[in-house]
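So the structure is just underneath, and the comments pick up after that.
The values are calculated or read from the model by the stated rules, or taken from the named source; none is laboratory data. In this text the structure is predicted, and so the values were computed from the model without any measurement. All Cβ positions, even for glycine, are placed from backbone atoms using ideal geometry, and neighbour counts span all protein chains on display.
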Amino acid sequence: MKILILAEHDGLQLSSSVHQAVTAAQFWNSPIHVLVAGHSADAVVQQAASIHGVERVVHANAAHLAHPLAEDIANLVASISEGYDVILAAHSSFSKNALPRLSALLDVAMISDVLEIKADNTYVRSTYAGNVLTTIQSTDAVQLLTVHGSNFTAASLGGNAEITSTETPAAFKKASWKSEVRSQSDRPPLGSAKIVVSGGRSLGSAEKFEQVLSPLAYKLGAALGATRAAVDAGYAPNDIQVGQTGVVVAPELYIAVGVSGAIQHTYGMRDSKIVVAINQDPDAPIFQVADYGLVADLFDVIPELTAAIQ
Amino acid sequence: MKILVAVKRVVDYNIKVRIKPDGSDVDIEGVKMGINPFDENALEEALRLKEKGVATEVVAVSLGTSANQDVLRHSLAMGADRAILIEASADLQPLAVAKLLKSIVTREQPNLIILGKQAIDDDAGQTGQMLAALLDYPQGTFASTLQIEGEEVTVTREVDGGTETLALALPAVITADLRLNEPRFVKLPNLMMARKKPIETINAAELGVNLDARLKLIQVSEPAVRKAGIKVNSVEELLNKLRSHEGILV
Ligand SMILES: Cc1cc2nc3c(=O)[nH]c(=O)nc-3n(C[C@H](O)[C@H](O)[C@H](O)COP(=O)(O)OP(=O)(O)OC[C@H]3O[C@@H](n4cnc5c(N)ncnc54)[C@H](O)[C@@H]3O)c2cc1C
Ligand SMILES: Nc1ncnc2c1ncn2[C@@H]1O[C@H](COP(=O)(O)O)[C@@H](O)[C@H]1O
């Protein structure tokens with residue numbers, strides 16, 4: 001039995017979620033290989049080879065993998081999939097795009113966003129926006145899944161995997177990468193921040209979102225998050241949306257400011273260690289998931305809170 | 001140009017589903033159902049392309065039991081030209097859905113196929129990518145803008161940490177994000193009119209697709225719920241609690 005992990009990276013840096021995927025893969029007690037697909041991504045290959053528990057790094061190097069398309073990734077993984085019994089990746093927009101495509105190429109079912117591996121082919125994942133935990137068993141010969149990174153501890157460094165290279169199939173001709181916009185921020189990344197300050201539609205404008213929440217986030221060394229309503233209204237960029245259709249976070253402290261607490265939002269934050277909610281409506285559903293609730297006007301108390309923090 | 005839109009019938013997004021006492025499945029008997037929110041965005045985009053003169057025909061397709069006629073009526077009321085129901089059991093899995101949709105694509109030959117990026121019941125987010133693979137078409141998932149020029153569609157996709165823009169040769173498969181557009185409200189007269197429009201029904205068994213479930217449902221359960229904590233009366237009290245009870249040095 002062999003396991004293949006599809007690694008996510010940006011050409012320079014391996015995503016930290018690969019370490020979590022390695023821990024998930026260790027469930028099967030079998031050799032773990034990591035596929036690094038990219039262009040001149042040698043540094044990434046080295047990083048992958050140094051993860052404890054990885055036996056081999058398979059390197060696919062091709063110009064068209066610089067900004068990889070799901071089509072090319074799926075074709076590449078399919079081309080080397082022979083002999084692997086489990087193929088997995090950490091759940092992210094990269095793997096969500098490519099692995100279902102692979103699933104159809106291999107004609108095996110895929111299990112998305114696995115929270116817990118129960119047995120060789122049995123998994124727990126959440127459905128209905130996190131309201132239901134579903135245990136399912138895959139009857140396919142190849143197990144294809146993405147895992148919910150934060151549910152698995154990160155594998156440590158100190159490995160020394162063998163590195164091999166593999167041929168890359170010809171580029172998929174019917175699609176091409178044009179451009180990307182990466183949001184710039186000097187705050188910690190939302191997905192791994194220890195403290196998250198999230199704002200809702202109630203902030204009222206992009207200016208106020210920034211003016212009211214940034215100083216607090218700055219003092220706390222926190223990442224900023226937002227509700228979908230705040231993002232849709234243009235108060236916050238879409239990549240900081242927390243929830244069912246955004247980012248799922250589990251920080252030590254989550255401060256929800258003027259957030260109503262819709263289930264699609266709480267899905268993305270309810271594994272936080274401590275939740276503080278500030279809302280002027282005493283009946284706002286967010287208070288049902290908050291450890292500490294403060295019924296108040298956010299425009300009064302956020303400046304006060306910011307000032308009170310050293 | 002013809003556009004095919006896949007619309008799934010799901011539990012209304014405002015409803016918190018119940019679990020059967022024996023944990024064998026969720027209990028959706030008598031629960032309010034509706035069109036999957038992302039599929040409404042998919043359909044809205046198709047309709048806007050038709051209104052702009054880019055598309056000439058919009059066909060909505062849904063897979064499931066005859067109960068799915070309601071979401072197809074809703075689609076017709078929004079403005080779809082035709083509706084197709086592929087009759088099958090209600091709990092088809094994404095790979096089977098993709099294979100059935102492929103047979104409809106082969107028959108209808110649309111230039112563009114738009115699905116939702118994810119169904120809010122299974123939260124799988126797989127069907128569009130699978131369909132694209134089966135057809136060997138390019139895919140533009142989690143789309144927040146679409147632009148068609150000639151034989152090409154330019155798609156901006158929402159990805160972790162930003163957006164990405166791709167150009168895809170038609171025919172292509174797109175999956176819609178909520179941000180793609182704001183779906184229109186259905187007016188009552190349109191709903192009345194849609195009642196009279198025919199819905200073509202095809203039996204899934206006739207499409208020669210293996211519908212066996214690959215994933216077996218073992219059990220469902222409720223996730224641990226967070227307990228509501230306490231209300232504090234002031235910023236000072238809040239900070240005290242965080243510092244003294246939780247050891248958070250803020
Ligand atoms: C398919 C689907 C997926 C979705 N995915 C997500 C998702 O991933 N993430 C997400 O967040 N949402 C998601 N949503 C939207 C979600 O249902 C809610 O609409 C959204 O979370 C509400 O955002 P909000 O709390 O900012 O706004 P509102 O619901 O409008 O709440 C504003 C809150 O602010 C409070 N308030 C107002 N003024 C003040 C003040 N001065 N001081 C203090 N409090 C104040 C109000 O009491 C209220 O509780 C999704 C919806 C659908 C249909
Ligand atoms: N039974 C179905 N009928 C119609 N469309 C479906 C069905 N199942 C899935 N889809 C489409 O596939 C998308 C993604 O579903 P999923 O992969 O299950 O998350 C949905 O938003 C729909 O557009």
### Task
State the number of residues belonging to the stretch B:152-209 that are at the interface with chain A (Cβ under 7 Å from one of its Cβ atoms) and modelled with pLDDT under 95.
8
### Summary
The number of residues in the stretch B:7-30 that are within 16 Å of ligand 1 (Cβ to nearest atom) and within 14 Å of another protein chain (Cβ to nearest Cβ) is 9
### Task
Kindly establish whether residue B:224 is facing chain A (nearest Cβ under 7 Å) and either part of a loop (DSSP other than H, G, I, E, B) or within 23 Å of residue A:266 (Cα to Cα) (or both).
no
### Qualifying positions in the stretch A:190-248 - among the polar types (S, T, N, Q) and more than 16 Å from ligand 2 (Cβ to nearest atom)
A:192, A:198, A:202, A:205, A:211, A:214, A:227, A:238, A:241
### Task
Under 6 Å between Cβ atoms, at least 6 apart or on separate chains: pull out the pairs that start in the stretch A:217-232 with a residue that is within 14 Å of residue A:189 (Cα to Cα) and end on any residue that is in a loop (DSSP other than H, G, I, E, B) and within 16 Å of ligand 1 (Cβ to nearest atom).
A:226/A:236
### Task
Take the stretch A:251-310 and flag every residue that is closer than 24 Å to residue A:192 by Cα and among the acidic types (Asp, Glu).
A:252, A:271, A:291
### Subset of the stretch B:1-56 that is charged (D, E, K, R), surrounded by fewer than 18 Cβ atoms within 10 Å (Cβ to Cβ) and closer than 20 Å to residue B:69 by Cα - its residue that is modelled with the lowest pLDDT
B:29
#### Entry: One residue from A:275, A:295 being within 11 Å of another protein chain (Cβ to nearest Cβ), out of contact with any strand residue (DSSP E or B) (no Cβ under 6 Å at 6 or more places or on another chain) and closer than 29 Å to residue B:224 by Cβ
A:295
### Task
With the checklist (1) of a type outside the set (Val, Ile, Thr); (2) part of a loop (DSSP other than H, G, I, E, B); (3) more than 7 Å from ligand 1 (Cβ to nearest atom); (4) more than 7 Å from chain B (Cβ to nearest Cβ) in hand, flag the one item residue A:307 doesn't pass.
(2)
### Summary
Selection over the stretch B:108-145 where residues are crowded, with 22+ Cβ neighbours inside 10 Å and in a strand (DSSP E or B) yields a count of 10
### Task
Go through A:53, A:130 for me and flag whichever is surrounded by fewer than 22 Cβ atoms within 10 Å (Cβ to Cβ) and either polar (S, T, N, Q) or under 25 Å from residue B:158 (Cα atoms) (or both).
A:130
### Message
Considering only residues that are more than 20 Å from residue A:92 (Cβ to Cβ), within 11 Å of ligand 2 (Cβ to nearest atom) and either of a type in the set (Lys, Arg) or more than 7 Å from chain A (Cβ to nearest Cβ) (or both), which ones fall in the stretch B:116-149?
### Response
B:131
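Among the residues of the stretch A:133-155, which ones are more than 7 Å from every other protein chain (Cβ to nearest Cβ), among the hydroxyl-bearing types (Ser, Thr, Tyr) and crowded, with 17+ Cβ neighbours inside 10 Å?
Here is the first cut: in the stretch A:133-155, the residues more than 7 Å from every other protein chain (Cβ to nearest Cβ) are A:141-155.
Subset that is among the hydroxyl-bearing types (Ser, Thr, Tyr): A:146, A:150, A:153.
If the condition is that a residue be more than 7 Å from every other protein chain (Cβ to nearest Cβ), among the hydroxyl-bearing types (Ser, Thr, Tyr) and crowded, with 17+ Cβ neighbours inside 10 Å, then A:146, A:150 are the ones that fit.
Please go through the stretch A:218-255 and pick out each residue that is assigned to a helix (DSSP H, G or I) and either at the interface with another protein chain (Cβ under 10 Å from one of its Cβ atoms) or surrounded by fewer than 23 Cβ atoms within 10 Å (Cβ to Cβ) (or both).
Our first condition is that a residue be assigned to a helix (DSSP H, G or I); within the stretch A:218-255, this holds for A:218-220, A:228-232, A:238-240.
Result: A:218, A:219, A:220, A:228, A:229, A:231, A:232, A:238, A:239, A:240.
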### Task
Quick one: which residue in A:261, A:268 is in a loop (DSSP other than H, G, I, E, B) and on the phi > 0 side of the Ramachandran plot?
A:261
### Pick from the stretch A:272-285, criterion surrounded by 20 or more Cβ atoms within 10 Å (Cβ to Cβ) and either assigned to a loop (DSSP other than H, G, I, E, B) or among the polar types (S, T, N, Q) (or both), ranking: farthest from ligand 2 (Cβ to nearest atom)
A:279
### Query
Are any residues in the stretch A:78-99 within 16 Å of the chain's Cα centre (by Cα) and more than 7 Å from every other protein chain (Cβ to nearest Cβ), and if so, which ones?
A:88, A:89, A:90, A:91, A:94, A:95, A:98, A:99
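Assess whether residue A:252 counts as being more than 29 Å from residue B:244 (Cβ to Cβ), acidic (Asp, Glu) and more than 13 Å from ligand 1 (Cβ to nearest atom). So that I can check it myself, show each step before the final result.
Numbers: more than 29 Å from residue B:244 (Cβ to Cβ): no; acidic (Asp, Glu): yes; more than 13 Å from ligand 1 (Cβ to nearest atom): yes.
When the stated conditions are applied, residue A:252 does not pass them.
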### Query
What is the number of the single condition among (1) within 10 Å of another protein chain (Cβ to nearest Cβ); (2) surrounded by fewer than 24 Cβ atoms within 10 Å (Cβ to Cβ) that residue A:170 does not meet?
(1)
### Task
Taking the residues in the stretch B:93-107 that are crowded, with 22+ Cβ neighbours inside 10 Å and within 20 Å of residue A:135 (Cβ to Cβ) as candidates, determine which candidate is farthest from the other protein chains (Cβ to nearest Cβ).
B:94
### Query
Which of the residues that make up the stretch A:100-113 are buried (at least 22 other Cβ atoms within 10 Å of the Cβ), touching a Ser or Thr at 6+ places or on another chain (Cβ under 8 Å) and either more than 8 Å from chain B (Cβ to nearest Cβ) or not aliphatic (A, V, I, L, M) (or both)?
A:100, A:112, A:113
